[in-house]
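Notes to accompany the following structure.
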Amino acid sequence: MPGGIDPHTHLSMPFMGQVTCDDFFTGHAAALAGGTTMHIDFALPVNHDLLAGWEEWQKKAEAAAIDYGFHMAVTSWSDKVAADMAALTQRGVNSFKFFMAYKGALMVNDEQLLQGFRRCKELGAVPQVHAENGDAVAEGQQRVFEAGITGPEGHALSRPPELEGEATARAIRLAEFVGSPLYVVHVMSREAQQEIARARQRGQRVIGETVASAISMDESRMWDPDFKVAAQYVMSPPIRNKEHGAALRAALGGGLLQLVGTDHAVFNSSQKAVGRHDFRIIPNGVNGLEERMHVVWQEMVNSGLLSPPDFVRVTSTAAAQIFNVYPRKGVVAEGSDADVIIFDPAVRHTLSAKAHHSAMDTNIYEGYEVTGKVVTTVSRGRLVWHDGKLNVTRGSGRFVPTPPFGPLYDGLERRPPYLLDVARYGGVPQRQHRHRARSS
Ligand code: URP
Ligand code: ZN
Ligand code: ZN
């Protein structure tokens, strides 16, 4: 099969006072051992400066051992941000993430969302949203904390799925208002998934990305009496209950969600421990870069929800197409990069921190049993994982530019008019203006 493409990772990312502990080398070693040969990482602006963020992430990626692309987050709005977005699309960044949550930090408001979506449309870039209502989340966190719930379970309680559904619906409607496509990252709930399905049914170009943790784990783990265990599962939007997991698997199997990432953003147990007395400051994020291919196979193929070709689509091909690097990536074909894995569907194995290659000291999949294993990984023609042995070379990974105006833009202008398309308005009526004196 083609090597996996993880469309959603955070390597060496400063976040909530910590820096994610997998860098572009340890994260890449983990990826290769799990059959992933490319990922797209989220670069963050430095003091809202996109180009400074770009420079920063270029440096981080010097250690790269697999091919990678970048999304860029947009955390404010100004003429300079708009200009820098254009500069970045020239440099091979065709996707920009807007955070509707993390109030007081990364969050943008609706006006900024509209400006950002419109700019993406002009540039042929893909606007992405972290969809949760950040104002309501902030209030929810305060209410839960003041009620005396201070542990990781407070995280799940304070930001219910309705807040994810609301923000997803709002982003979808705003994208329709400006006529841009939309990519919703880390879909964690049925509410969000259903909004995406409804939008697609209306003919809107909306992509739903779910993540490995959402389709395999459930929120009960945040109630574990051991803080170290419970805190591992804290990510945003939160991992939901089992009904949400089942709905997401069904939607992925039925083609209502398009691809699976990980949101790999790992903090080791000492980093998570800063939130021991306050769930609001536990750094958010879970692992998955090494586990994703196995987890998706186990949850989706072994359960009969996806065929092997559809597994390839949701773990590799769809990402390559959406981010416009297909057929260089996402397919085994003449002329494509030789990113290839051999997957043995009969090998049984158990995921654990002891056996993984990430720098993490814990693993949310501890004890998770899988039938089917990546036994060989070839990255651009080099044998890098075989028979349980890694052969990873620092600096061997290349930046893969993602060009603008990819398939999400193909023919977009021929779609039925969007909500407010003045350019397509047929013309103003010719009214006669008569001014008569009023009779009294
Ligand atoms: O909890 C998460 N998701 N951490 C990473 C940042 C983000 O929102 O993607
Ligand atoms: Zn996010
Ligand atoms: Zn993320």
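The values are calculated or read from the model by the stated rules, or taken from the named source; none is laboratory data. Just so we're clear, the structure is a prediction, and the values are computed from it rather than from any experiment. We place every Cβ from the backbone using ideal geometry, glycine too, and count neighbours over all the protein chains shown.
What to note about this one:
- Residue selected from the range 191-226 under the condition in a helix (DSSP H, G or I) and in contact with a Pro (Cβ under 7 Å, 6 or more places away or on another chain), by the criterion surrounded by the fewest Cβ atoms within 10 Å (Cβ to Cβ): Glu219
For (1) farther than 29 Å from Ala43 by Cβ; (2) more than 24 Å from the chain's Cα centre (by Cα); (3) in contact (Cβ under 8 Å) with a residue 24 or more places away in the chain, each residue gets a yes or a no:
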{"residue": "Ala338", "(1), (2), (3)": "no, yes, yes"}
{"residue": "Leu351", "(1), (2), (3)": "no, no, yes"}
{"residue": "Ala359", "(1), (2), (3)": "no, no, yes"}
{"residue": "Arg382", "(1), (2), (3)": "no, yes, no"}
{"residue": "Asn391", "(1), (2), (3)": "no, yes, no"}
{"residue": "Ser396", "(1), (2), (3)": "no, yes, yes"}
{"residue": "Pro401", "(1), (2), (3)": "no, no, yes"}
{"residue": "Tyr418", "(1), (2), (3)": "yes, yes, yes"}
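- Scanning the range 403-416 for residues that are in contact (Cβ under 8 Å) with a residue 24 or more places away in the chain and in a loop (DSSP other than H, G, I, E, B) gives Pro403, Pro404, Phe405, Gly406, Arg415, Pro416.
- Among residues of the range 251-289, those that are crowded, with 16+ Cβ neighbours inside 10 Å, of a type in the set (S, T, N, Q) and more than 16 Å from ligand 2 (Cβ to nearest atom), counted: 3
- Residue in the range 266-274 that is at pLDDT 95 or above, touching a strand residue (DSSP E or B) at 6+ places or on another chain (Cβ under 8 Å) and within 14 Å of ligand 3 (Cβ to nearest atom) present: yes
- Of the numbered criteria (1) modelled with pLDDT of 95 or more; (2) surrounded by fewer than 24 Cβ atoms within 10 Å (Cβ to Cβ), the one Val187 fails is (2).
- Residues in the range 267-288 that are in a loop (DSSP other than H, G, I, E, B) and more than 11 Å from Thr362 (Cβ to Cβ): Arg276, His277, Asp278, Ile282, Pro283, Asn284, Gly285, Gly288.
- Of all residues in the range 4-52 being among the small types (Gly, Ala, Ser) and in a loop (DSSP other than H, G, I, E, B), the one that is farthest from the chain's Cα centre (by Cα): Gly17
- Cross-chain or 6+ apart pairs with Cβ under 8 Å, the range 171-197 first and farther than 18 Å from Gly261 by Cα, then more than 16 Å from ligand 3 (Cβ to nearest atom) and among the hydroxyl-bearing types (Ser, Thr, Tyr): Glu176/Tyr418; Phe177/Tyr418; Val178/Tyr418; Gly179/Tyr418; Pro181/Tyr409
- Residue match in the range 2-15 (condition: within 20 Å of Leu123 (Cβ to Cβ) and either surrounded by fewer than 17 Cβ atoms within 10 Å (Cβ to Cβ) or in contact with a strand residue (DSSP E or B) (Cβ under 6 Å, 6 or more places away or on another chain) (or both)): yes
- Helices (runs of 4 or more DSSP H) completely within the range 81-188 that count 1 or more residues being touching a Leu at 6+ places or on another chain (Cβ under 6 Å), more than 16 Å from ligand 3 (Cβ to nearest atom) and acidic (Asp, Glu): 161-178
- Leading residue by the ranking (farthest from Lys329 (Cα to Cα)) among those in the range 30-50 that are surrounded by fewer than 23 Cβ atoms within 10 Å (Cβ to Cβ) and away from ligand 2 (no atom under 16 Å from the Cβ): Asn47
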